[in-house]
Amino acid sequence: MTIALLTDGFYPFTLGGIQKHSYYLAKYWAKQNHKVHVYHPNQYYKDELKTYFNSEELQNISFIHVAHPSSIRFFGHYIYNSYCYSKALYQALQQNTYDAIYAQGFTSWYFLKKKPFDKKIVTNLHGIEMYQKAIDVKNKLQHYLLRLAAKPIIHNSNKQISLGGKLTDLLYQYGAKLHSVYNVPNAISPEWLKPNLTASSDLLALKGLRRFIFIGRYERRKGIEEINTVLQQLINEAQSFECHFIGPIPENKKVQGCNGTKEEALNTVKDSNLCTIKPLNRYTIIYHGSITDQQKIQQLLTESDILLCPSYSEGMPTVILEAMACQCAIIATDVGASGELVNENNGWLINGDNIVSGLKKAMMEAININNEILEQKKEYSFNKVKTKYTWDIVAKKTLEIIKIRI
């Protein structure tokens, strides 16, 4: 089978969840001996590809550069340029014949007007955050603009991928054709499953503190303000805990007075008083900044107990899958497809209508939970991700849907 993979960027040349999703689809389809033509806007050097693909994979993958149109900045310029890019992809595709076309994000927008392409295309809008809860007026306006592109794709797709959970309901609610939506989850690569690192249970016994972790850039919908509010409440109530942040968090979005470093944390095993307001509690809050090295992220996750993901909107967060692979329990908002990953067996699923209250309750339970019960939750996380959410499994499932005739 020969597949055209339409992308608006390709990992590692563009960083992001959809871009990494495209990378793994191409990689695992090539492993399964299918021909993949990756359409992308990235400039790159061919030698760089050898770092991310082996020689057998590269025999099955072709990279076709299509420049992403740019315009002067105006209200809605991103949406306009997305349409123009979809049209440019359509024109580039005329030179080849494909068994199927897999279109990420808004790349299918122009194609769905044309026959016979509409029968060959499988679309994936991923998290469809534009149809989830808006945080403020600015966010509502952003959602409105993004819906201009999402709406025709949802309405006109004959086969479209949902990451599952509430996202499937949203697609049908906003006009997807009957029986056009197929549930395929997000995934992680198998190397996440066996990090040869210090066991988190050993660290727990050593430090005697619950260790929470947040991973991600600052974005209002990610719930960092809500985490900060709860952390301050826990500090004021003399609770003992650790909380680590990985990602570029602005100074004004950090808990004030808590600017510990990784090195300081390692020297406070017996006395974790990096920033103490009350003498009865022991807590550490550490901001690591951006980390791109996978082994370092695995190390920090494996040394942690609970991942925090209190977002207002999500798809199926890769960070939850990665944390589960490193045997973390999870606290997450019940949005998008998070409910497919998190339940009482491996964590706490909180109501998105009152995140602060739900997060506080869940973190308090996590702090006070019996160690043995927490270890059971962490083990459940690992087993669940291992059996259902690796790329070898998900790439095959995606191919099965591509092959369905309509």
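With a Förster radius of 41 Å applied to the beta-carbon distance between residue 295 and residue 344, the computed FRET efficiency rounds to 0.85.
As a rough guide to protection, the peptides 9-20, 125-136 ranked by mean Cβ packing within 10 Å, highest first, stand as 125-136, 9-20. If the segment from residue 177 to residue 133 were pulled out straight at 0.36 nm per residue, it would be longer than the present Cα-Cα gap by 13.5 nm. Per-residue Cβ neighbour counts within 10 Å put 184, 38 in the sequence 184, 38, beginning with the fewest.
Residues in segment 362-368 carry Karplus couplings, in order, of 5, 5, 5, 4, 5, 5, 9 Hz; the curve used is 6.51 cos²θ - 1.76 cosθ + 1.60 with θ = phi - 60°, and Gly or Pro positions show x.
The loop-placed chymotrypsin sites (Phe, Trp or Tyr not before Pro) in segment 70-128, going by DSSP, that have at most 11 neighbouring Cβ atoms within 10 Å of their Cβ come out as 74, 75. Which of 290, 82, 162 comes first, and how do the rest follow, when ranked by fewest Cβ neighbours within 10 Å? Going from sparsest to densest Cβ surroundings: 290, 82, 162. Multiplying the residue separation of residue 387 and residue 47 by 0.36 nm and subtracting their alpha-carbon distance yields 119.0 nm.
Model label sites at residue 253 and residue 379, defined 7 Å from Cα along the beta-carbon direction, differ in position by 3.8 nm. Shape class for segment 306-406: oblate, because the ratio a/c of the largest to smallest gyration tensor axis (alpha-carbon atoms, square roots of eigenvalues) is 1.5 or more and b/c is at least a/b. If R0 equals 22 Å, the separation of the Cβ atoms of residue 58 and residue 99 corresponds to a calculated FRET efficiency of about 0.60.
Put a dot 7 Å past the Cα of residue 351, heading toward its Cβ, do the same for residue 218, and the two dots end up 3.0 nm apart. Extension gain for residue 91-residue 144 works out to 16.3 nm (0.36 nm per residue, less the C-alpha to C-alpha distance).
The numbers here are math on the coordinates, done by the rules we state, and not lab data. What you see is a predicted model, and the numbers here were worked out from it, not measured in a lab. Here the Cβ is made from the backbone with ideal geometry for all residues, glycine too, and neighbour counts use every protein chain on show.
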